[in-house]
Amino acid sequence: MKILVCISVVPDTTSKISIDSSKGFIDVQGLTYIVGPYDDYALSRAIELKESNGADVVVLHMGTSESEPLIRKCLALGADSAVRIDGIAKNSYQLAKEIASYVEDNPFDLILMGKEAIDYNSGQTHGIVAGLLKMTHFSPVMQLNIDGSNLTLEVEIDGGKAEVSCQLPAVLGCQEPIAEWKIPSMRGIMTARTKEIKILAPSIPSTQALISEEINETNRKQIMIPSDQLQVLVDYLKQDVQL
Amino acid sequence: MKKIAIFIDFKGTELSSYTRTLLGFADTFFGSEVAYYLFSFAGPKQASIPQLKGSVIGYQINAGNSLFAETTELRKLGDQISALSIDEIWLSKSNTSDSVAGIISATLGFQIVPNIKQITQKGDSYLIQKSIFSGKATAHSELSSSHFVGIFPKGFGSDSNAASVEVNFESLDLETSKKYSIIKVDTHEGSIPLPEASIVVGAGRGMKDPGNWGIIEELAQTLHAATACSKPVSDINWRPHHEHVGQTGIKIAPKLYIACGISGAIQHLAGVNGSGKIVVINQDPEAPFFKHADYGIVGDLFDVVPRLTKILKEI
Ligand SMILES: Cc1cc2nc3c(=O)[nH]c(=O)nc-3n(C[C@H](O)[C@H](O)[C@H](O)COP(=O)(O)OP(=O)(O)OC[C@H]3O[C@@H](n4cnc5c(N)ncnc54)[C@H](O)[C@@H]3O)c2cc1C
């Protein structure tokens, strides 16, 4: 079985996001980058499946060479090889097209990724990939078991969860508690050094409807209301959220 | 004239409240120069909806199973939408909206814009504010208004006071041979599920004792809100785990979050930053949460919360 795990590289969840006004983008100085937490869950589950059922696990990331230490970490966790598409995706659609085009040339039985990347929180990449490749799609998947070519999944639905069974191939957006987070072992770190990270040029020109974009910190109003004037609060809320 | 597809949801035979607010918003946004195509999965054949200024055609999608549509079914739906020459698709955020939006946009090549906080028209383009970095930042973009799939948080917009009209939903058969089967479905009964709530009341260690939650529940009931809690509170079993919001819990984006007796640790904020407006009630004027609040009240929650509930009950 061949499993592809697509990972995002994002600022650590507890990062304070500030804006570099000269660039109109977030200030990357001093930010620590991590593998997207949901993607990390997906990867951990892929490695568990490799250990229990046997699988070839490939990690795919679209990004610059600065992400390589984190890709190496994925290899140290147990992925067999990695592919880096050398470019920066402008949106989920472009990223999904790149992933789909890679998979068309290199077929996989199972494509896993986090239910969303925690930078743009779009949560769309897996759905678009499934649509492009005409594969079965579920998200957010909280449990994943494989028996032959049969998958048993627990999927969050609005107001609850459902257990479903389906056939490979499939594209799944993952979230906790699909697997335990893993820490690379010393041996893993040593063997990762010789594993291959293949670098590919992006194959699809970016088309986008975006005309311009600027990013701001989300500013809250920080209006303090004396505790004996709750009516003032209610009046504000009537206006803001149509209470 | 623009053709807009809107995915609508029902609770039983009634339009869901977030669909009502989204339709209310669309009506003000587009005015009369628009044709609406309303698509529902497993909705009724006939339903009353608020009167819209544009023309309305309804479709009831028959996708074999209402819980999840198959990729091939959604691709067929994409082809139908394309055949109708639809310009834009609007949806409310849900667990299923992501499959629907992703697969349809893959078929049509439309660009998806999720987490929309605000949208205005500028000539032929849209100015959109969307929440990014889990609500810590906002992207202001200008983009072409055609070939666009917008995903709006539940509760976006406002309910219209328009009179109701009856709409017939023509059935649209997409059923294919099912590639999956459902083994079991579990739903949380009773209370409003957190990710669906448009208003959430959260409480933390400042509550002092699990027996004190009555005032939080009463406030929540008054506002038709769901209840949430901080991590330590669920860790010591004062509240159920599915109420825990934050970095390691559920991430919520209601239009209003009211935090009572929660200090505002960064791990808690990671789960609630996406909220439209935040109200913080805390007795400590130095509580970090006040820096991340739209409205702050310094006071004893055991005094403030019941008085707030009383005022709200009167409106
Ligand atoms: C890796 C990691 C992950 C974490 N994940 C999460 C997470 O997902 N979610 C989460 O919530 N936390 C998480 N935490 C814990 C987080 O750091 C805080 O410890 C926690 O959010 C604090 O909860 P609290 O605000 O309820 O309690 P406290 O910090 O104890 O705050 C209680 C507040 O109540 C106020 N108060 C007390 N009495 C009253 C009164 N009578 N009236 C009004 N106000 C009163 C106090 O002034 C105080 O500000 C995580 C921590 C770590 C290290």
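The values are calculated or read from the model by the stated rules, or taken from the named source; none is laboratory data. Just so it is clear, the model here is predicted, and its values are computed rather than measured. Reconstructed Cβ throughout: ideal geometry from the backbone, glycine too, with neighbour counts over all protein chains shown. Heads up: the accessible areas ignore ligands, DNA and RNA and are worked out on the full protein's heavy atoms, side chains in. Shrake-Rupley method; radii C 1.70, N 1.55, O 1.52, S 1.80 Å.
Some notes on this structure:
- For segment B:194-314, the per residue solvent-accessible surface stands at 39 Å², with DNA, RNA and ligands left out and a 1.4 Å probe.
- Rolled with a 1.4 Å probe across the full set of protein chains, the surface gives A:T32 an accessible area near 80 Å².
- Ratio of Rg to Rh for segment A:1-152: 0.97 [Cα atoms; Kirkwood radius as inverse mean 1/r over pairs].
- Using a probe of 1.4 Å on the protein chains alone, the accessible area found for B:F110 is around 10 Å².
- For segment B:194-314, a Kirkwood hydrodynamic radius built from all Cα pairs, placed in the Stokes-Einstein relation at 4 °C and 1.567 mPa s, yields a translational diffusion coefficient of 94 µm²/s.
- Stokes-Einstein translational diffusion, segment B:11-88 - Kirkwood Rh over all Cα pairs, 0.692 mPa s, 37 °C, in µm²/s: 237
- Amide H partners (placed H, <5 Å) of B:A287, local residues excluded: none
- For B:V113, residues with placed amide H under 5 Å, excluding near neighbours: B:V149, B:G150, B:I151
- Per-residue ellipticity at 222 nm, computed for the protein assembly as shown from helices alone with -39500 (n - 2.57) per DSSP H run of at least four residues, works out to -7500 deg cm²/dmol.
- Cα centre as origin, Lys/Arg/Asp/Glu Cβ charges: the protein assembly as shown dipole, Debye: 380
- Interface A:B - total buried accessible surface [probe 1.4 Å, Å², rounded to 100]: 6700
- Per-residue average of Cβ from other chains inside 10 Å of A:231-238: 5
- Fraction of alpha-carbon pairs over 16 Å apart in segment B:115-175 - percent: 63
- Amide H contacts of A:G160 (H built 1.01 Å from N, in plane; Pro and chain starts excluded): B:H188 sit under 5 Å, all sequence-distant by 5 or more or on other chains.
- Distance between the pseudo-spin-label points of B:S181 and B:R307 (7 Å out from Cα toward the beta carbon): 6.1 nm.
- Along chain A, counting only GluC sites (Glu not before Pro) with a DSSP assignment other than H, G, I, E or B and at most 11 other Cβ atoms inside a 10 Å radius, the longest segment between sites is A:1-179.
- Using θ = phi - 60° in the Karplus curve 6.51 cos²θ - 1.76 cosθ + 1.60, the 3J(HN,Hα) couplings for segment A:128-142 round to 5, 4, 4, x, 5, 8, 6, 9, 4, 9, 9, 6, x, 9, 9 Hz; x is entered for Gly and Pro.
- Burial order of peptide ranges B:69-77, A:226-234 (average beta-carbon count within 10 Å, highest first): B:69-77, A:226-234
- In summary, segment B:2-173 shows an alpha-carbon radius of gyration equal to 0.97 times the 2.2 N^0.38 Å reference for compact globular proteins.
- Rounded to whole numbers, the Karplus 3J(HN,Hα) couplings from phi for segment A:162-177 are 10, 9, 10, 10, 8, 9, 5, x, 8, 10, 10, x, 10, 8, 4, x Hz, using 6.51 cos²θ - 1.76 cosθ + 1.60 with θ = phi - 60°, and x at Gly and Pro.
- B:M1 accessible area, 1.4 Å probe, all protein chains in place, Å² to nearest 10: 150
- Euclidean distance of C-alpha centroids, segment A:142-191 and segment A:103-140, integer Å: 13
- Per residue, the convex hull around the alpha carbon atoms of the protein assembly as shown comes to 154 Å³.
- Legend: mean number of C-beta atoms from other chains within 10 angstrom of residue C-beta atoms, peptide B:70-78, equals 3.
- Sequence-separation-based contact order of chain A, relative, with Cα cut under 8 Å and 6+ spacing, percent: 24
- Using θ = phi - 60° in the Karplus curve 6.51 cos²θ - 1.76 cosθ + 1.60, the 3J(HN,Hα) couplings for segment A:102-118 round to 5, 5, 4, 7, 10, x, 10, 7, 9, 10, 10, 7, x, 5, 7, 8, 8 Hz; x is entered for Gly and Pro.
- Span per principal axis, largest first, for the Cα atoms of chain B (Å): 59, 49, 36
- On a per residue basis, the convex hull of the C-alpha atoms belonging to segment A:127-213 measures out at 223 Å³.
- Those GluC sites (Glu not before Pro) in segment B:235-315 that DSSP places in a loop and that have at most 11 other beta carbons within 10 Å: B:E286, B:E314
- Square roots of 5 times each gyration tensor eigenvalue, C-alpha, segment A:116-175, largest first, Å: 19, 15, 9
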